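Following: one structure in structure tokens, then a few remarks.
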Amino acid sequence: MSPRAVFPEPGYRRRSVLGADGLAVTVVDGSGRSHGPFDFSDLPAHGTTRDELIDAFVECSSPRGPWQSPSSLRTAHGNIRHFLRQLEPLGIRIETVADFTAEHWWTWRGSTEARHRWPGAINIMRTLLRHCPSLPALTVRAMAHRVSKPKRRLYGSYTPAEFARIRSVALADVRATEARVRRNTQLLQEYWDGKQCSVEGTVFIDGRHCSAGEVLDRLYPSGRLHVRSGYRRPASSISALLGHPDVAHSQCVVPEQAGDLLGHGSAGLRPGLQRLDAHLFDCAGARRRGQ
């Protein structure tokens, strides 16, 4: 038997999204989570313009409005703040949204387009102003002229020769990282098998000299050494002992940090290196458990 629905008490009214002063909005989404408050109290009022825009913001963020995601609410809030602060510097003096003419719209839009190539702010204010009942009809018609997204980038593409050089450098990094991981995996497995370390050099940690295998065994669980009494470095550092002197020692074995070793525009190869590190260390762990 399905549970019966629980109806609200007689006289129940939904909680207002406006704060006590009417200048802050807290939006409650369909799952009952609160977003905000979105504060407008520190902005110029321009007569009743600010209050009308707040009412429009409430309407747009309601369950039937166009702004439902938290990111949309934050973006819209920021654009409204910029809009109200821009009116006075642009010479737009209004006391109500009803005073906002088509000429005012074009002035504000031109200023915005001069600073931003992407039309996001214009589209947001168009949506908001359309939810203001007092907006003049001529302004509504002016806002109907949509702005196009930029078709050309402000920067040039890489040439085939540049791509070839980037690929060459990236592949060299990948090969070096693969060699490093395989080397340290072998050293770690040798230590687990009780064999003598095949790499010369030690690091003084917690009152004793530790080989590369011992250091890797300390790093393996979490990527941290957890040193109790500090350590002294001999001729080479811990990172040099583990075969990669140019990076922190924790990046010599921890899978999720392997991608940080890449540079030269090769960030797109990081997931592959993470999978490589994870695979190699999973294999080493399986061997240690005797699987």
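Read-outs: derived from the displayed coordinates by stated rules, not from any lab. Here the structure is a predicted model, which is why all the values come from computation and not from measurement. Note: ideal-geometry Cβ built from the backbone for every residue, glycine included; neighbour counts use all protein chains shown.
Quick look at the numbers
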quantity: FRET efficiency for L171 and V199, using Cβ-Cβ distance with R0 set to 30 Å, rounded to 0.05; calculated: 0.70
quantity: L23 long-range amide H proximity, modeled H, under 5 Å; calculated: none
quantity: In Hz, Karplus ³J(HN,Hα) per residue of the stretch 192-206 (6.51, -1.76, 1.60; θ = phi - 60°; x = Gly, Pro); calculated: 5, 7, x, 8, 6, 5, 8, 10, 6, x, 9, 10, 7, 9, 6
quantity: Burial ranking of peptide ranges 52-64, 169-181 (average Cβ count within 10 Å, highest at the top); calculated: 52-64, 169-181
quantity: Sites E9 and D51, calculated FRET efficiency, Cβ-Cβ separation with R0 35 Å, nearest 0.05; calculated: 0.65
quantity: For C210, distant residues with modelled amide H under 5 Å away; calculated: V203, F204, I205
quantity: Gyration tensor verdict on the stretch 1-160 (Cα atoms; rounded if a/c is under 1.5, prolate if a/b is larger than b/c, oblate otherwise); calculated: oblate
quantity: Protection-proxy order for peptides 16-23, 125-132, each taking the mean of Cβ atoms within 10 Å per residue, highest first; calculated: 125-132, 16-23
